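Reviewing the structure listed below.
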Amino acid sequence: MKVQHFLARERLQSLLDRLVEAGYEVIGPRVRDHAILFEPLSRVEQLPLGITDEQAPGHYRLERTDSGRVFDWATGPQAIKPLTFAPRETLWRSERQPDGRLVFREQPPEAQPTAIIGVRACDLAALSIHDRHFLHDAHPDPHYRERRQNLFLVAVNCMRSAATCFCTATGDGPRAQHGFDLALSELDEGFVVEAHTQQGQTILDALETTPVNGDQLERVEAGIDHAARQQTRGLPEGSLPEMLQAAVDHPHWQSLNDRCLTCGNCTAVCPTCFCQTHVDELSLDGATATHDRQWGSCFDPDHSYIHGSVIRAERPQRYRQWLTHKFGTWVEQYGRSGCVGCGRCIAWCPVGIDVTEELASLSIAPDDAPAKAPDAAPSQAPDGEDQP
């Protein structure tokens, strides 16, 4: 068992200071545009003090409370995916020489040591999936590898869950289990801190901490257990890959034709989705060009375009591709599903499609499915009040 220490709330700034002194750029949760996003952080006053989130299908709202905590929220829309798998980056450039020859120059990856504070268990599980694809595959991605190897991760154990969370059903939370350097468990008076790597231990040794007591440990365990018990959403029992394979022609897919907008929001906020597309940009004089990689989505018609034809031209076909891959064929590739139960796809779907409800409907044989009333009006789109 790892040794745990207690860091008083008034000394949290010292954690940021020690990370900066160690050469890291510090990234942490901040309120911007009515949401909690990961951004550069230098002072604890920039953290979302007394802020909590209310989430539901198609609904995200921040609220101010009288809590003195800074991690009393579940998940924002961003996760840490943009910090490891860049939304857009140049892979190589080409230059036309005076004699007409083309010279190709690889664009070397650039990354500086970065410490991220506030990483949740679900996002650590997603990072592990990305590591397997981008880092531990036969051909590691140099851009991902450079950023990944420069990360210092400060996890936060969840003490509350949003109504959209279901990480207990996927086995990925609410306690951070692996893949981090330091872990924080927040109490009213401060933080129980635990190091899981030598780098984390070095930072912890530089902090002014006190021994943790039994009451604090009991309250930490009670808080994590409370977050687990708050979760009401789940997944169908049995093998989801087998269920989805048998449901390829299920009539429920067609119900998505009148609901899904194929906007790709679910794939953008998903911490594990990594579809990508490549584009070339030519300078106006034709002398140089760049080859860029950017995020893509299986909801984009171009994703299934093959020689003049879009294979998945209809909306239900694209949602079926996403859901079947996420919970079915992903298991064949990585030994687990591509879902970590963060619930972002539920909250940030403009029409409030709930992935857990879709799976539940698909798990019922068509002849056994109850008659369904016409769909109600769409849920409220993701929104937020003015910054509290």
For segment 185-192, Karplus-derived ³J(HN,Hα) couplings (6.51, -1.76, 1.60; θ = phi - 60°; whole Hz; x for glycine and proline) come out as 10, 8, 10, 4, 8, x, 9, 7
Where the centroid of each part is defined by its Cα atoms, how far is segment 74-142 from segment 301-336 in Å?
-> 23 Å
Sorted by accessible surface (1.4 Å probe, heavy atoms of the protein chains only), largest first, Arg219, Arg43 come out as Arg43, Arg219
Would you please classify the overall shape of segment 112-193 from the alpha carbon gyration tensor, given that a ≥ b ≥ c denote the square roots of the eigenvalues, rounded means a/c under 1.5, and beyond that prolate means a/b larger than b/c while oblate covers the rest?
-> oblate
Expected max-MSF residue from Val192, Val340, Val310 in the GNM of the chain (alpha carbon, under 10 Å) is Val310
Sulfur and carbon atoms: percent of accessible area, the chain [1.4 Å] | 50 percent
Rounded to whole Hz, the Karplus (6.51, -1.76, 1.60) HN-Hα couplings of segment 246-257, x for glycine and proline = 6, 9, 4, 9, 5, x, 5, 4, 5, 5, 6, 4
Select from Gly214, Gly100, Gly68 the residue whose mean-square fluctuation is largest in a Gaussian network model of the chain (Cα-Cα springs shorter than 10 Å).
-> Gly100
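Report the FRET efficiency, 1/(1 + (r/R0)^6), for Glu208 and Thr90, where r is their Cβ-Cβ distance and R0 is 56 Å, rounded to 0.05.
0.80
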222 nm [θ] for the chain, helices only, -39500 (n - 2.57) per DSSP H run of 4+, per residue, to 500?
-> -7000 deg cm²/dmol
Sorted by chain and then number, the residues having a modelled amide H within less than 5 Å of the amide H of Gly28, at least 5 places away or on another chain, are Glu39, Leu41, Ile117
Ile306 accessible area, assembled protein chains, probe 1.4 Å, Å² = 110 Å²
Tell me the trypsin sites (Lys or Arg not before Pro) within segment 97-177 that lie in a loop according to DSSP and have at most 15 other beta-carbon atoms within 10 Å.
-> Arg101
Which is farthest toward the positive dipole end of the chain among Leu102, Tyr334, Asn150, measuring Cα position about the Cα centre, with Cβ charges +1 (Lys, Arg) and -1 (Asp, Glu)?
-> Leu102
Enter the accessible area of Thr356 (Å², nearest 10), with the probe set to 1.4 Å and all protein chains included.
-> 10 Å²
Calculated FRET efficiency for the pair Asp215/Ile306, C-beta based, R₀ 56 Å, to 0.05 = 0.35
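Evaluate the relative contact order of segment 46-184 (contact order divided by residue number), counting alpha-carbon pairs under 8 angstrom at least 6 apart; express in whole percent.
Values: 204 pairs, mean separation 34.6, N = 139.
Reported relative contact order: 25 percent.
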Give the Debye-formula value of log10 I(q)/I(0) at each listed q (0.09, 0.10, 0.12, 0.14 Å⁻¹), with one equal scatterer per alpha carbon of the chain, two decimals each.
-> -0.59, -0.72, -1.00, -1.28
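How much length is gained on full extension from Glu110 to Gln254, taking 0.36 nm per residue of separation minus their Cα-Cα distance? Please report the intermediate quantities before stating the final value.
Details: separation 144, 0.36 × 144 = 51.84 nm, distance 4.51 nm.
Value of the extension gain: 47.3 nm.
Which sequence of Lys326, Lys2 reflects their accessible areas, 1.4 Å probe, from the largest down?
Numbers: Lys326 5, Lys2 95 Å².
Most to least solvent-accessible, the answer reads Lys2, Lys326.
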Taking springs between alpha-carbon atoms closer than 10 angstrom, which of Ala138, Ala268, Ala227 fluctuates most in the Gaussian network model of the chain?
-> Ala138
What are the residues whose amide H is under 5 Å from the amide H of Leu187, where those residues sit 5 or more places off or on another chain and H is modelled from the backbone?
-> Val192
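Which is the longest stretch in the chain that no exposed loop site breaks, taking sites as GluC sites (Glu not before Pro) with a DSSP loop state and at most 13 other Cβ atoms within 10 Å?
Details: sites that count: Glu110, Glu189, Glu208, Glu237, Glu385.
Answer from the scan: 238-384.
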Counting sequence-distant residues (5 or more places) and residues on other chains, those with an amide H built under 5 Å from that of Tyr305 are Ile311
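The values are calculated or read from the model by the stated rules, or taken from the named source; none is laboratory data. Since we're looking at a predicted model, the values are computed, not measured. Here Cβ is always computed from backbone atoms with ideal geometry, including for glycine, and neighbour counts include all displayed protein chains. For accessibility, only protein heavy atoms count, side chains too; no ligands or nucleic acids. Shrake-Rupley method; radii C 1.70, N 1.55, O 1.52, S 1.80 Å.
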